[in-house]
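Contents: one structure, followed by commentary.
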């Protein structure tokens, strides 16, 4: 009897929880992200609702609170950290609580140089002089002295239209100044945007007018650069969904993962040559159930995290990962002929070095050929069995190790 009562109680509890989840008009999503290794403030911390395409900023201390719909797909995005993705599942109180411990991605920070151009000064003057054309309103004591005029201005469509036109003209002026600034940043490789993307990015910037008018050049470029990183990430993430690799996964797991990696590489999400795919797949050890049951974004975040771990674990020099040097199989005829007919491995390697120099795979001066050939330690069996890409990757990897060993700069 006790067991029966327990089963009934559990059934009612389950039904009640499911009922409450299904009948939550809105779900209170709240939580916090924490970097335990380096406690700090998170400026430009963004909570992105991928279901409705909207985003809001979290608090600098990492906390956030907002209302969403049940089962919405959410991303937490902070510059320099992996993207955190999850789906909202409301509890019995129509709430969903999140606490995430995060760790910064190790990156090489490149210096950003603001070129002191005259046009930059002109833009600064335009920023500081932005002002909305005044449409005088009767207020305060004047309103008491002239109540009819005050009522007319408050409710007259003509007066409202005048104010609306002035506001639109002001917004257009502000937009033009921002566009001039973006053109400068694009020209000097601070951001990468096409002219067609300006309007979308300006809407995303949503810059405060007082900040825009008074900010220093460094404050402004830092603000725009950080916002650009979020904008770029949101645009980049569009390709991780509805990918054809899932169709391939139904019949061939390995081919599906290769398709997945090719997609990420082509979209610059990871930088990995085809020659590293097999080793990386072994390192990832992706479970088929994980691939089938997780969202595309979950898979994307997992692979990206594994990628950075992989680079660190094998001490891979990312400088050597560039491929596509436009070297075709027929370009290898020269060194292959030396190897086959001259029976001279050194002559073949010299011909190979000249080929790779020509295509900017490496940059070895002629007086260093002998030392580089010794350092390269190329086996004839590898030269004849390796694919074009494998050979390029091997030589390029050795090239950067050679530079480091002899303290040379590229």
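The values are calculated or read from the model by the stated rules, or taken from the named source; none is laboratory data. If you're wondering where the values come from, they're calculated on a predicted model, not measured in any experiment. Don't worry about glycine lacking a Cβ; one is built from the backbone with ideal geometry, like all the others, and counts go over all protein chains shown.
Things worth noting here:
- In segment 248-270, the residues that are surrounded by fewer than 17 Cβ atoms within 10 Å (Cβ to Cβ) form Cβ pairs under 6 Å with partners that are part of a helix (DSSP H, G or I), at six or more places apart or across chains, as follows: 253/288; 255/248; 267/239.
- Test set (1) at pLDDT below 85; (2) more than 22 Å from residue 225 (Cα to Cα) - residue 45 fails condition number: (2)
- Members of segment 357-390 found to be within 14 Å of residue 331 (Cβ to Cβ), part of a helix (DSSP H, G or I) and touching a residue at least 12 places away in the same chain (Cβ under 8 Å), listed by number: 388, 389
- Strands (runs of 3 or more DSSP E) (entirely within segment 25-87) containing at least 2 residues that are in contact with a helix residue (DSSP H, G or I) (Cβ under 8 Å, 6 or more places away or on another chain) and either assigned by TED's automatic domain parsing to the domain that holds residue 97 or more than 25 Å from residue 270 (Cα to Cα) (or both): 46-49, 73-77, 84-87
- Qualifying residues in segment 165-200 (those that are modelled with pLDDT of 80 or more and outside any helix (DSSP H, G or I)) - the one farthest from residue 231 (Cα to Cα): 194
- Residues that are closer than 19 Å to residue 201 by Cβ, at pLDDT below 80 and within 16 Å of the chain's Cα centre (by Cα) within segment 54-93 comprise 55, 79, listed in sequence order.
- Tally of residues being assigned to a helix (DSSP H, G or I) and modelled with pLDDT of 80 or more across segment 266-295: 15
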